């Protein structure tokens with residue numbers, strides 16, 4: 001659109017009509033990218049994701065596909081994915097561009113069945129659209145496309161939420177949900193347990209993970225890490241700065257950690273900063289249908305805690321006289337650690 005006038009500039013609707021039922025499930029922004037030392041219609045471009053699993057580079061001024069990008073201006077994100085039933089795979093967050101590589105994951109339908117499409121995270125050259133690397137949780141040592149006749153590991157934790165890019169460190173911070181089906185953990189594989197509910201720092205040059213931090217162990221509650229991480233530089237108390245990543249989660253805890261160190265512990269920070277180290281605290285659990293629920297979870301109490309740790313009877317209120325007596329008693333019988 002012409003922002004100053006509120007008028008339409010150009011418009012493109014390249015998707016096949018059979019994908020109209022997916023409207024509302026594929027909603028992203030289109031990041032802007034300028035090709036270094038280039039001129040022409042596509043020197044300034046936007047990277048747009050389509051509902052039919054394509055990624056397109058469009059001239060920012062004209063909206064026309066960039067012919068030098070992929071095949072006729074598009075890259076198929078279904079390559080290497082194997083069987084992808086309709087409405088099972090979408091791009092729900094804009095690609096993140098770091099050092100000329102745009103990185104994206106994808107949304108995989110929640111809680112449907114075992115063996116859904118892969119949650120692979122991929123990087124592509126922002127100029128040519130050429131495949132750069134893949135992070136497949138089932139094969140973290142292999143950054144290439146799957147061999148002929150194979151697909152990326154199915155049912156792995158997917159990265160549907162907005163990522164954050166770190167141009168200085170050459171990292172992209174990808175967030176993951178749980179392995180499918182989300183509310184049942186009896187068939188989780190070791191790599192599912194390692195990478196679900198996490199933030200993964202990926203080197204954009206190689207596609208290899210630099211470090212991971214898991215917000216929820218053996219997630220059985222659909223506690224995807226869903227909020228884009230915030231990157232901040234804070235004084236370290238010694239005249240320098242600490243490069244931190246602040247990670248909102250679905251729990252009332254906001255952990256912060258170093259962006260470039262391998263340490264799995266949260267950063268203490270400067271004296272008087274109010275930040276504390278993280279630890280794993282015990283909590284109530286139940287084993288249902290071989291769910292194998294864990295007994296400890298990552299915690300970081302103190303300045304990062306933005307909610308109650310447990311439900312106390314005094315917190316439960318009811319305007320009905322009898323209910324006002326019964327509700328606290330019932331609350332006292334619940335396990336809410």
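Nothing in this text is a laboratory measurement; each read-out follows from the coordinates by a stated rule. Since we're looking at a predicted model, the values are computed, not measured. Cβ atoms come from the backbone with ideal geometry, glycine included; neighbour counts cover every protein chain shown.
Structural remarks
- FRET efficiency, residue 142 to residue 232 (Cβ-Cβ, R0 30 Å, nearest 0.05): 0.35
- Three-way shape call for segment 86-279 based on the alpha-carbon gyration tensor, with the a/c threshold at 1.5: oblate
- Translational diffusion coefficient (Stokes-Einstein; Kirkwood radius from C-alpha pairs) of segment 65-135 at 25 °C, 0.890 mPa s, in µm²/s: 187 µm²/s
- Model label points for residue 241 and residue 131, set 7 angstrom from Cα along the Cα-to-Cβ axis, are 3.8 nm apart.
- Tensor-based shape of segment 22-117 (alpha-carbon gyration tensor, a/c under 1.5 rounded, otherwise prolate or oblate): prolate
- Spatially, segment 53-80 and segment 126-202 are offset by 23 Å when compared through their Cα centroids.
- Full-extension gain in nm, residue 78 to residue 39, via 0.36 nm per residue minus C-alpha separation: 10.9 nm
- More than 21 angstrom apart: percent of Cα pairs within segment 82-175: 31 percent
- The slack between residue 32 and residue 194, meaning 0.36 nm per residue of separation minus the straight C-alpha distance, is 55.0 nm.
- Gyration tensor (alpha-carbon) shape descriptor, segment 123-219, a/c threshold 1.5: oblate
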